[in-house]
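Heads up, the thing below is written out as structure tokens.
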Amino acid sequence: MSLAAFDETEHPHRRWNPLTQTFVLCSPHRTKRPWQGAQEALPPSDLPTHDPKCFLCPGNTRATGATNEQYSSTFIFKNDYAALLPTETGPPPEDTHKPAFIKLQPARGSCYVICFHPAHNLTLAQMGTTPEHARSNLLPIIKAWTRLYSNQIPAEMAEGQLPLRYMQIFENKGQAMGCSNPHPHGQVWALDYIPLEPLRTLQSLREYALDSSSSSTIRDKTFGKPSLLLDYAAWELTQQPPSPYSDKIGSRILHSNTHFLAVVPYWAIWPYEVLILPAQRQIPSLAEMSAEEQEALAEILGFTTKALDNLFKCSFPYSMGIHQRPVPLTLRDTEVQAIDDGKDSVQPWLKQDDEAVQLGQYAQFHIHFYPPLLRSATVRKFLVGFEMLGEPQRDLTPEQAAARIRVAAEGPHYLETLDKEQTK
């Protein structure tokens, strides 16, 4: 009896995620499974430019009584309901009766909100529909992220001599991802520890760089060590070119420019997951980006978010976040001004005996997009059952997902097309 030839577009298989060192089960034969489960409510599409009841709009009063600035670009304030506090406390009391496997660690930090734009009814996708729009609207966000990462806030943490270990920048977009306010905004959590997900990634990057058996042919001119994500970007760029959705196996690449690459990663868990990563050199963090790289990042962010919106012709929900070098760098005033002026930044001196700095030697800046939608604007994926108890699982292959996103990316943002049709 002869065995059927394995076909990754038809047969179940597992894919390895080298960043988290975990597997995802891919079940492409299930894509035709009928759906009779829960459906998401569509978000309102008629939001005003300014909502007097919104806690994030310019000039409005927040729940705590604080008043927002009349901002015209980005606006940053300390989160009124922060998950972490900068207050320094003594060590927790010792409990000699507690078993060794019961552990507790104090956690300190500060949480910030960054409003991306004064307009209540915009999203990143609408703000970056063209490279010109991305430069005008998304580049200021990247520069604001850079200032935050570069430790231009938070003074109250320095008062307690708190050693910053990580700064997590992220955005939750849409009610499906738990976002309580549609005004375009993100969050920044400055922590005195490295959270588990970026820690796993940093450890994997270090392990790859130090592995003498690595097959890498790329050596970054600055660090001279193999880079997992640079090697991955090079591998994706040398695969077969994008193909129509009808092809059996297609490219995972969504878009690339001079400096960055957007792909549905080979190991994607979420149906339309996207990874944005440098394609040319090691960029450990926002602070090490040149002005040209900042513009390229703004362009590819605009492309990615617009393509996702166009996929199901809706404001596509997602959780998006940056992974980069730990320990926000304290830049000199001249370097902060250089960032504001769009010039190349200079890597400052760091204490080389710090654990976070040791891991940071191998860091590579990248952005994750985790969108939940599965089949339509109202049908989402749930991580439940086997995925909570066993390992993550997906039906649609990353290659099929990428092909659909590429088709959706063609043309203007769907709302622009809709507006033109309604005015005819």
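The values are calculated or read from the model by the stated rules, or taken from the named source; none is laboratory data. Predicted model, so just to flag it, every value in this text is computed and none were measured. Glycine also receives a Cβ, built like all others from the backbone with ideal geometry; neighbour counts cover every protein chain displayed.
List the number of the failed condition for G411; all other conditions in (1) modelled with pLDDT of 80 or more; (2) on the phi < 0 side of the Ramachandran plot hold.
In the conditions (1) modelled with pLDDT of 80 or more; (2) on the phi < 0 side of the Ramachandran plot, G411 misses (2) alone.
Please determine, by comparing only the residues of the stretch 48-66 that are surrounded by fewer than 11 Cβ atoms within 10 Å (Cβ to Cβ), over 27 Å from the mean Cα position of the chain (by Cα) and not basic (K, R), which one is nearest to F116 (Cα to Cα).
My answer is P52.
Are there any pairs, at least 6 apart or on different chains, whose C-beta atoms fall under 7 Å, with the first in the stretch 4-22 and farther than 30 Å from F365 by Cβ and the second of a type in the set (G, A, S) and outside any strand (DSSP E or B), and if so, which?
The qualifying pairs are P12/S27.
Could you check the stretch 110-132 and list, in sequence order, the residues that are surrounded by 23 or more Cβ atoms within 10 Å (Cβ to Cβ) and either at pLDDT below 90 or more than 19 Å from the chain's Cα centre (by Cα) (or both)?
If the condition is that a residue be surrounded by 23 or more Cβ atoms within 10 Å (Cβ to Cβ) and either at pLDDT below 90 or more than 19 Å from the chain's Cα centre (by Cα) (or both), then S110 is the only one that fits.
Could you grab me the full set of residues in the stretch 345-379 that are of a type in the set (D, E, K, R) and either at pLDDT 85 or above or closer than 23 Å to S256 by Cα (or both)?
R375
Residues are listed down the side, and each one gets a yes or a no for (1) among the small types (G, A, S); (2) touching a helix residue (DSSP H, G or I) at 6+ places or on another chain (Cβ under 8 Å):
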| position | (1), (2) |
| --- | --- |
| W270 | no, no |
| S285 | yes, yes |
| A291 | yes, no |
| A296 | yes, no |
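Need the failing condition index for S204 against (1) among the polar types (S, T, N, Q); (2) at pLDDT 95 or above; (3) under 27 Å from K306 (Cβ atoms), just the number.
Looking at each condition in turn, S204 falls short on (3).
Please go through the stretch 184-210 and give me each residue that is charged (D, E, K, R), surrounded by 18 or more Cβ atoms within 10 Å (Cβ to Cβ) and in a helix (DSSP H, G or I), ordered by number.
Once the filter is applied, which keeps residues that are charged (D, E, K, R), surrounded by 18 or more Cβ atoms within 10 Å (Cβ to Cβ) and in a helix (DSSP H, G or I), the stretch 184-210 yields only R206.
When the stretch 258-277 is examined, which residues are found to be in contact with a Ser or Thr (Cβ under 9 Å, 6 or more places away or on another chain) and within 12 Å of A233 (Cβ to Cβ)?
If the condition is that a residue be in contact with a Ser or Thr (Cβ under 9 Å, 6 or more places away or on another chain) and within 12 Å of A233 (Cβ to Cβ), then H259, A262, V263, I276 are the ones that fit.
Considering every residue within the stretch 215-227, establish whether at least one is assigned to a loop (DSSP other than H, G, I, E, B), aromatic (F, W, Y) and either closer than 19 Å to P398 by Cβ or at pLDDT below 95 (or both).
yes
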